[in-house]
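Quick one: the structure is below, questions incoming.
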Ligand code: DGL
């Protein structure tokens with residue numbers, strides 16, 4: 001079991017930002033990543049649908065034999081977290097709470113902006129997760145078009161800067177000092193987002209903290225692959241348009257992506 005890969009899922013390439021941190025922090029671990037490009041983006045869909053798609057992918061990962069699951073997608077985390085923890089025997093890690101934890105430790109004025117997909121923002125998952133932290137004002141905003149830009153590989157340029165102003169200027173005016181990138185696609189737009197909000201606002205994403213949660217869960221269950229094992233094997237797959245997914249994944253993650261296969265679920 002310790003040699004088994006870690007299953008990671010997202011609606012597309014966004015979860016690669018989490019995979020990046022997992023590969024950096026747990027370099028001996030193998031990963032099996034699935035981008036559900038057949039049904040992505042998840043953001044515009046009702047949560048019940050997202051739940052169905054994400055559970056199907058997780059069932060596939062468990063049947064494949066992964067030793068832990070990382071839901072590298074805020075929308076899917078909001079939709080399935082409680083079910084997933086009851087449904088599977090292996091550790092299931094999500095991305096909402098790690099981002100909240102980081103934001104709480106970063107903010108100085110207690111005003112935190114959260115941006116995410118329409119489904120994530122509508123679910124209320126972030127204000128719920130912040131509820132335990134006293135004296136934090138949370139201002140949420142859906143940024144539905146960001147994911148489409150990233151999935152097209154368009155991460156800079158005039159058009160995305162203009163959209164970013166439309167989404168973010170209001171949050172800046174309201175005095176936030178911390179902005180949670182509540183969608184795993186958004187760190188791929190960091191250059192644009194930080195340019196638009198300016199240097200005084202700290203950007204927080206869940207990738208690093210999520211990798212830490214994963215490390216802890218594997219450690220507690222004695223599931224860590226010993227360092228000094230044979231080199232890890234990483235598998236990347238997409239449920240549709242694997243060639244396009246592969247091209248973007250290589251661009252975002254570099255040479256760890258050798259190829260991406262198509263998987264039907
Ligand atoms: N990357 C995902 C998230 O964190 C999903 C984006 C989408 O599919 O709309 O929410």
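Condition first: more than 17 Å from residue 92 (Cβ to Cβ) and away from the ligand (no atom under 12 Å from the Cβ). Now tell me which residues in the range 1-20 satisfy that.
Listed by number, the residues that qualify are 2, 3, 20.
In addition: Could we say that residue 175 is under 28 Å from residue 238 (Cα atoms) and surrounded by fewer than 20 Cβ atoms within 10 Å (Cβ to Cβ) here? Give the derivation first.
Working: under 28 Å from residue 238 (Cα atoms): no; surrounded by fewer than 20 Cβ atoms within 10 Å (Cβ to Cβ): yes.
Taking the combined requirement at face value, the residue does not satisfy it.
Looking at the range 242-250, is at least one residue part of a loop (DSSP other than H, G, I, E, B) and surrounded by fewer than 17 Cβ atoms within 10 Å (Cβ to Cβ)? Lay out the reasoning, then the answer.
Looking only at the range 242-250, we keep the residues that are part of a loop (DSSP other than H, G, I, E, B), and these are none.
No; the residues of the range 242-250 include none that is part of a loop (DSSP other than H, G, I, E, B) and surrounded by fewer than 17 Cβ atoms within 10 Å (Cβ to Cβ).
Then there's this: When you scan the range 64-80, how many residues do you find that are surrounded by fewer than 20 Cβ atoms within 10 Å (Cβ to Cβ) and within 24 Å of residue 13 (Cβ to Cβ)?
Residues in the range 64-80 being surrounded by fewer than 20 Cβ atoms within 10 Å (Cβ to Cβ) and within 24 Å of residue 13 (Cβ to Cβ): 1 in total.
Collect the residues in the range 202-212 that are more than 16 Å from the ligand (Cβ to nearest atom) and farther than 17 Å from residue 111 by Cβ, keeping them in residue-number order. Give the derivation first.
We begin by selecting, within the range 202-212, every residue more than 16 Å from the ligand (Cβ to nearest atom); these are 202, 212.
Matches in the range 202-212: 212 only.
Here's a follow-up. Out of all the residues in the range 79-98, is one or more under 19 Å from residue 42 (Cα atoms), in contact (Cβ under 8 Å) with a residue 12 or more places away in the chain and away from the ligand (no atom under 16 Å from the Cβ)?
Checked against the condition, which is being under 19 Å from residue 42 (Cα atoms), in contact (Cβ under 8 Å) with a residue 12 or more places away in the chain and away from the ligand (no atom under 16 Å from the Cβ), the range 79-98 yields at least one hit.
List pairs: first in the range 54-72 and free of Cβ contacts under 8 Å to residues at least 60 places away in the same chain and closer than 14 Å to residue 6 by Cβ, second away from the ligand (no atom under 16 Å from the Cβ) and assigned to a helix (DSSP H, G or I), Cβ under 8 Å, 6+ apart or cross-chain?
Pairs that qualify, where the first residue is free of Cβ contacts under 8 Å to residues at least 60 places away in the same chain and closer than 14 Å to residue 6 by Cβ and the partner is away from the ligand (no atom under 16 Å from the Cβ) and assigned to a helix (DSSP H, G or I), are 58/87.
Could you please find all residues in the range 251-264 being loosely packed, with under 15 Cβ neighbours inside 10 Å and touching a residue at least 40 places away in the same chain (Cβ under 8 Å)?
Taking the range 251-264 first, the residues loosely packed, with under 15 Cβ neighbours inside 10 Å are 251, 254-255, 258-259, 261, 264.
Within the range 251-264, 251 is the sole residue that qualifies.
None of the figures in this text is laboratory data; all of them are computed from the coordinates on show. Keep in mind the model is a prediction, meaning the values are calculated, not measured. No Cβ is skipped: glycine too gets one built from the backbone with ideal geometry, and neighbour counts run over all protein chains shown.
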